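This report refers to the structure that appears directly beneath it.
Here, each number is a calculation from the coordinates, and none is a lab measurement. This is a predicted model, so every value here is computed, not measured. Every residue, glycine as well, gets a Cβ built from its backbone with ideal geometry; the counts of neighbours run over all protein chains shown.
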Amino acid sequence: CGVLGIEAPAAWATNPGRVIHRSAVLEALTPVIAGWGRDDLVSAMTDADVPGGPVHAVAEAVAAMRRIEPDWVTSMWGIEMPASPIVVDGERLPWRLPPPLLGEHTDEILREIGYSPDGIVALRAAKTVA
């Protein structure tokens, strides 16, 4: 809170206290954090010896993985992704299929768990599913 310039109530001094008062913590911190740029906030936290780090976009995470260990990244159908973590006899197992597209299997899964066609349409209309 010191980095953000917020006076923290005594109830927030421990993790259990912050959990109990989670909605108040989020209400207080969200607008203040939103006013910071990611890199500026991480730098201020580092300067204040507050543990933390940036949350990366997928492209940033893949680029960081590639810099550290190029073998950790693979490409399938033009999509860069982490390579399989499974190594057999010194070789990474290849991915057989690309990751699903957003919503690619939604209808199938909803049908399997008992949704009717009308129920699926209603979920889509309410923007509950992709």
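In terms of its alpha-carbon gyration tensor, the range 1-56 comes out prolate; a/c meets the 1.5 threshold, and the first ratio a/b outweighs b/c.
Between 0 and 90 degrees, the angle of helix 38-47 with respect to the longest Cα principal axis of the chain falls at about 50 degrees.
Remark on the chain: ratio of C-alpha radius of gyration to 2.2 N^0.38 Å is 1.56. Measuring nothing but alpha carbons in the range 28-73 and taking Rh as the Kirkwood radius, the Rg to Rh ratio lands at 1.11. The radius of gyration of the Cα set in the range 60-130, together with its Dmax, comes out at 17.7, 50 angstrom. Report, to the nearest 10°, how far helix 58-68 tilts away from the longest principal axis of the Cα atoms in the chain, using its own Cα long axis and a range of 0 to 90°. Around 90 degrees separate the two axes.
When the helices in the chain are scored as -39500 (n - 2.57) per DSSP H run of 4 or longer and the sum is shared across all residues, what 222 nm value do you end up with, to the nearest 500 deg cm²/dmol? So the helix-based figure for the chain works out to -12500 deg cm²/dmol. Charge dipole (Cα centre; +1 on Lys/Arg Cβ, -1 on Asp/Glu Cβ; no other charges) of the range 40-127 amounts to roughly 260 debye.
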